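Visitor: Quick one: the structure is below, and I'll ask about it shortly.
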Amino acid sequence: MPTSTSIASSLIATLGSEAQVVTLTLDSLLARGARVTRVVVVHTAPDTEPIAASLARLRAAFAAPPYFPAIEFETVGLAGPAGPLKDVDSTAGSAAVFTTLYRLVRAEKLAGRPVHLSIAGGRKTMSVFGMAVAQMLFDEDYRLWHLVSQGRLLEEKRLHAEPGDTFSLIEIPVVLWSAVSPVLTDLSQVDDPFAAVERQRALRVQEALEQARSFVMGALSAGERRAVEPLVRHGLSDAELAQRLSLSPKTVEKHLGEAYAKAGVHWGLEKVSRTQLVALLNLYYRLTPEGNGENPA
């Protein structure tokens with residue numbers, strides 16, 4: 001995808017033992033026309049090797065041209081209840097990664113700066129939570145990146161590529177929560193990522209219930225509702241539904257066929273099966289007062 005050159009953006013990068021992961025990513029973004037004016041590097045304890053050496057190389061690089069003075073450079077150390085994290089190998093460490101990346105991306109978003117998030121450096125845990133943060137907070141013009149380098153460039157650990165070097169900056173596709181559901185567009189108002197996840201779950205349940213309610217009460221006829229309710233509640237066959245409702249099997253089949261077709265239109269699906277309809281309406285019949293009461297006539 002093309003990268004905007006008109007808006008100042010930020011690169012947030014996870015760091016491990018290879019400092020060049022940050023500079024190669026930045027160089028590639030700049031070559032593509034991205035206007036990166038701020039780089040934030042996320043790392044474990046800065047007094048442990050090889051993190052200390054990587055940070056020293058990056059600080060020197062960003063204190064000189066071509067980065068200085070156009071690009072602001074910042075480092076953010078991961079910390080848990082006991083202090084700086086030497087590794088990301090515990091529940092507390094994972095929570096620190098998730099919270100740190102979430103708050104950094106959120107801060108850039110609130111500041112109006114599009115984000116490039118590089119998850120090529122550091123532990124796999126950092127990559128996993130980086131992907132989760134991207135799904136939660138990214139907008140359409142944000143990008144998630146992974147870097148792959150080979151040959152002499154990798155072996156010599158150079159910060160910048162030379163002619164003939166081989167490396168690839170790979171964009172990772174992100175399914176945005178905000179694109180999947182409009183009710184999730186305000187999650188950036190929540191400072192705690194774990195609270196945001198819980199809020200997302202609650203909002204998704206609420207949205208699912210509202211969609212199911214409008215379908216049952218607004219789209220289905222009384223006869224269709226009579227057939228659908230015991231189908232969802234009890235998983236009955238057409239013959240069992242016909243016996244239970246004192247209807248002919250053909251009438252039950254007709255009611256359910258209409259319900260499947262209407263569900264496809266309501267949820268924007270090409271085709272809705274019996275199993276899908278049950279899944280779409282299960283929460284409604286379990287959690288809502290009208291779903292648990294008398295079937296509307």
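The values are calculated or read from the model by the stated rules, or taken from the named source; none is laboratory data. Here the structure is a predicted model, which is why all the values come from computation and not from measurement. Cβ: placed from backbone, ideal geometry, glycine included. Neighbour counts: every protein chain shown. Each accessible area value is taken on the protein alone, full model and side chains, heavy atoms only, with ligands, DNA and RNA left out. Shrake-Rupley method; radii C 1.70, N 1.55, O 1.52, S 1.80 Å.
Visitor: Compute the accessible area per residue over segment 194-262, keeping the other protein chains in place, probe 1.4 Å, unit Å².
Guide: Counting only protein heavy atoms, the per-residue value for segment 194-262 is 53 Å².
Visitor: Lysines near LYS250 by alpha-carbon distance under 26 Å, same-chain residues fewer than 8 away left out - which ones?
Guide: Partners found: LYS262, LYS271.
Visitor: Which percent, nearest 5, of DSSP beta bridges in the chain are antiparallel?
Guide: 30 percent
Visitor: For segment 77-180, compute Rh as the Kirkwood radius over C-alpha pairs and then the Stokes-Einstein diffusion coefficient at 10 °C and 1.306 mPa s; write the answer in µm²/s, rounded to an integer. Numbers along the way, then the final one.
Guide: Values: Rh = 15.3 Å.
D, rounded to a whole number, is 104 µm²/s.
Visitor: Of all the accessible heavy-atom surface of segment 26-150, with the other protein chains kept in place and a 1.4 Å probe, what percent is carbon and sulfur?
Guide: The nonpolar share, carbon plus sulfur, comes to 56 percent.
Visitor: Here's another thing I want to ask about it. For segment 13-116, place one equal point scatterer on every Cα, skip the solvent, and apply the Debye formula. What is log10 of I(q)/I(0) at q = 0.19, 0.22 Å⁻¹?
Guide: So the normalised log intensities are -1.01, -1.25.
Visitor: What do you reckon, how do LYS157, LYS271, LYS262, LYS254 stack up by accessible area (1.4 Å probe), largest on top?
Guide: LYS271, LYS254, LYS157, LYS262
Visitor: Counting Lys +1, Arg +1, Asp -1, Glu -1, what net charge surrounds THR125 among other residues with beta carbon under 14 Å of its beta carbon?
Guide: Every neighbour counted, the sum reads +1.
Visitor: Using a Gaussian network model of the chain with C-alpha springs under 10 Å, which one of LEU117, LEU147, LEU256 is most mobile by mean-square fluctuation?
Guide: So, out of LEU117, LEU147, LEU256, the one fluctuating most is LEU256.
Visitor: Hey, got a sec? Which GluC sites (Glu not before Pro) in segment 108-174 land in a DSSP loop and have at most 13 other Cβ atoms within 10 Å?
Guide: Within segment 108-174, the qualifying GluC sites (Glu not before Pro) (loop, at most 13 other Cβ atoms within 10 Å) are GLU140.
Visitor: Okay, moving on. For LYS86, give me every one of the lysines with a C-alpha distance below 26 angstrom, ignoring sequence neighbours fewer than eight places off in its own chain.
Guide: Qualifying lysines at Cα under 26 Å: LYS124, LYS157.
Visitor: Can you run the Rg to Rh ratio on segment 202-249? Use alpha carbon positions and the Kirkwood inverse-distance Rh.
Guide: On the way: Rg = 13.0 Å, Rh = 11.9 Å.
Ratio of gyration radius to Kirkwood radius for segment 202-249: 1.09.
Visitor: On to the next question. Rounded to the nearest 500, what is the 222 nm mean residue ellipticity of the chain from helices alone, with -39500 (n - 2.57) per DSSP H run of 4+ residues and division by all residues?
Guide: Numbers: 12 runs with 152 residues, N = 297.
Result for the chain, helices only: -16000 deg cm²/dmol.
Visitor: Determine the equivalent ellipsoid of the chain by diagonalising the alpha-carbon gyration tensor, then write out the semi-axes as square roots of 5 times the eigenvalues, largest first, rounded to whole Å. Show your work: numbers first, answer last.
Guide: Values: eigenvalues 555, 77, 55 Å².
Working through the eigenvalues yields semi-axes of 53, 20, 17 Å.
Visitor: With a point put 7 Å past each Cα toward its Cβ, work out how far LYS157 is from THR275 in nm, to one decimal.
Guide: Rounded to a tenth, the inter-label distance reads 5.2 nm.
Visitor: In nm, give the distance between the simple-model label positions of ALA70 and ASN282, each being 7 Å from the Cα along the Cα-to-Cβ direction.
Guide: It is 5.4 nm.
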